[in-house]
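Enquirer: What follows is a single structure, and I will ask about it in a moment.
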Amino acid sequence: MERMNPLDAAFLDAEDEDPHTSMAIASVAIFEGAAPKHDVMLDVLRKALPRIPRYRQKVRTLPYDLGRPLWVDDPNFSLEYHVRRTALPMPGTMAQLRALVSRQMAQRLDRERPLWEVWVIEGLADGGWALLSKVHHCMVDGVSGTDLLRVVLEPEDGPVPPDDAWTPQALPSTARVTASAVANLILDPLRGVNALRRSLLAPRPFLARLADTGRGSLTLLRTVWPAQGSSLSGPIGKQRRYEWARASLPDVKTVRTAFGGTVNDVVLTIISAGFRSLLEARGEALDPHAVRSLVPVSLRAPGQEGIMDNRVSLLLPFLPIEIENPVERLAEVRRRMNDLKSSKEAVAGGAMSSLAAFEPFPLVSLGIRLGSHLPQRTVITVTTNVPGPRKQLQLEGHPLRELYPYVPISSTVRVGIAIFSYCDQLTLGITGDYDTATDLEVLSTAIESDLARLVKAAKPASRRAG
């Protein structure tokens with residue numbers, strides 16, 4: 001058995017306390033040709049399972065939240081339960097596909113089983129098919145989710161293992177896990193002291209990290225101040241809407257080269273245009289403090305890419321929706337992101353996650369559960385950008401044509417955006433609350449048109465630079 005890290009456990013707690021939320025993330029992969037037969041898909045997943053052991057494990061919680069939940073082998077694991085099949089009604093449009101995805105993602109995963117599902121979706125209008133890969137956020141973040149995609153779409157050579165090739169470990173008894181939790185309640189603070197002692201043996205880097213954490217904590221404290229109220233924030237229901245936008249990665253890089261910054265800066269710029277258009281269409285003011293976004297930052301060190309858990313911190317910039325000119329808006333995004341990076345905000349967030357590993361879990365869990373019931377007006381949206389595979393992938397000879405991400409929303413966040421790159425494509429998956437975000441197409445259309453404006457502006461700038 002293996003303990004969850006504090007951030008993984010937080011995603012479970014957050015879902016427990018919000019009856020309107022499923023904390024599952026997903027990808028929607030669109031392939032060419034007819035879908036493989038069901039037994040072929042089972043063999044593809046069966047072959048991948050030895051490389052992703054978490055897919056045969058389920059969550060075991062502890063009595064009275066004495067410790068972080070455990071990952072334990074599922075003695076009743078059945079691959080057939082997790083691999084499912086459905087079809088779109090004619091004519092099989094992309095809008096119908098998005099509607100199906102939104103309905104599936106609104107449903108919670110079964111906590112009594114491993115927290116993932118794969119849906120083969122037939123009946124696309126052009127003769128293609130789609131694969132919806134759904135997994136709970138407590139299992140993976142965006143980076144490790146991308147690694148899982150590669151495992152399935154880049155299988156190792158060799159025979160398909162038989163169903164009985166895997167033997168689950170015996171489930172631990174309640175007495176054993178309780179005793180282990182009590183021991184960790186005693187030992188975790190001691191481990192924290194030992195970690196501090198080891199840090200003091202190398203005082204210079206320790207003091208530098210301490211200074212960075214202090215600076216970042218001051219920046220994080222400023223985000224407690226609520227954002228300006230708008231229709232983007234408020235109570236949400238159980239059902240979801242799903243929209244997407246497309247962009248050319250070479251176009252994004254053309255803009256970056258012409259005006260500076262990063263790919264993520266360009267993406268945040270066009271997303272800001274999307275929220276600007278959305279609020280304008282709703283007749284609302286374009287207040288500079290209306291849209292604060294949670295921007296996850298990966299904390300994975302080299303060599304940790306294949307580890308299945310969450311290793312992220314965050315930045316919390318206001319998106320400059322008040323600026324109409326896209327080039328000026330990009331410059332402001334760059335300035336704000338550089339300021340946040342230099343403030344070490346992400347360092348402070350990572351330090352807080354690390355410290356939580358040494359705190360008594362009953363107190364950490366109680367804090368998360370109580371906090372989920374407090375009014376939340378700090379974070380208005382989430383914009384998470386995950387770099388994906390740069391080479392063409394395929395499944396059983398079917399080329400992967402497009403790949404779209406899905407990010408969950410919760411609390412008072414009514415719209416969230418996930419960004420994914422694949423080959424020379426950049427796709428943005430937009431999740432919205434069903435009742436209060438009926439106009440997501442306004443946002444997606446504005447994102448695409450604003451990138452076109454930036455590319456047009458970048459061409460003269462590139463010629464002048466040359």
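The values are calculated or read from the model by the stated rules, or taken from the named source; none is laboratory data. Bear in mind that the values here come from a model prediction, so they are computed numbers and not experimental data. Positions of Cβ are generated from backbone atoms using ideal geometry, with glycine treated the same way; all protein chains shown enter the neighbour counts. Only protein heavy atoms, including side chains, enter the accessible area calculation; ligands, DNA and RNA are left aside. Shrake-Rupley method; radii C 1.70, N 1.55, O 1.52, S 1.80 Å.
Enquirer: With +1 on each Lys and Arg Cβ and -1 on each Asp and Glu Cβ, how big is the dipole of region 1-131 about its Cα centre, in debye rounded to the nearest 20?
Expert: Working: 17 positive and 19 negative charges, 65 e Å.
Approximately 320 debye in magnitude.
Enquirer: Here is a follow-up. By how many nm would the segment from R84 to E284 lengthen if fully extended, with 0.36 nm per residue of separation less the alpha-carbon distance? Walk me through the numbers on the way to the answer.
Expert: On the way: separation 200, 0.36 × 200 = 72.00 nm, distance 4.28 nm.
Extending this stretch completely gives an extra 67.7 nm.
Enquirer: Also: Tell me the label-point distance for the pair R108, C423, using the 7 Å Cα-to-Cβ offset, in nm and rounded to one decimal.
Expert: 3.9 nm
Enquirer: Follow-up question, since we're still on this one. For the ranges 261-270, 44-53, what's the packing order if you count other beta-carbon atoms within 10 Å of each residue, average per peptide, and put the highest first? Don't skip to the end; give the middle numbers.
Expert: Values: 261-270: 22.5, 44-53: 17.2.
My ranking of the peptides, most packed first, is 261-270, 44-53.
Enquirer: Give me the accessible area per residue for region 4-142, probe 1.4 Å, as a whole number in Å². Let's see the in-between values first.
Expert: Working: 4980 Å² over 139 residues.
Ligands and nucleic acids excluded, the figure is 36 Å² per residue.
Enquirer: Here's another thing I want to ask about it. How about K134: which lysines have a C-alpha closer than 19 Å to its C-alpha, ignoring those fewer than 8 places off in the same chain?
Expert: K47, K58, K238
Enquirer: Report the extension gain between R390 and L171 in nm, rounded to one decimal, defined as 0.36 nm multiplied by the number of residues separating them, less their alpha carbon distance.
Expert: Here the answer is 74.8 nm.
Enquirer: Sticking with this one: G33: net charge of surrounding residues, Cβ under 13 Å, Lys/Arg +1, Asp/Glu -1, itself excluded? Numbers along the way, then the final one.
Expert: Working: positive: K37, R401; negative: E32, E122, D126, E396.
Local charge sum for G33: -2.
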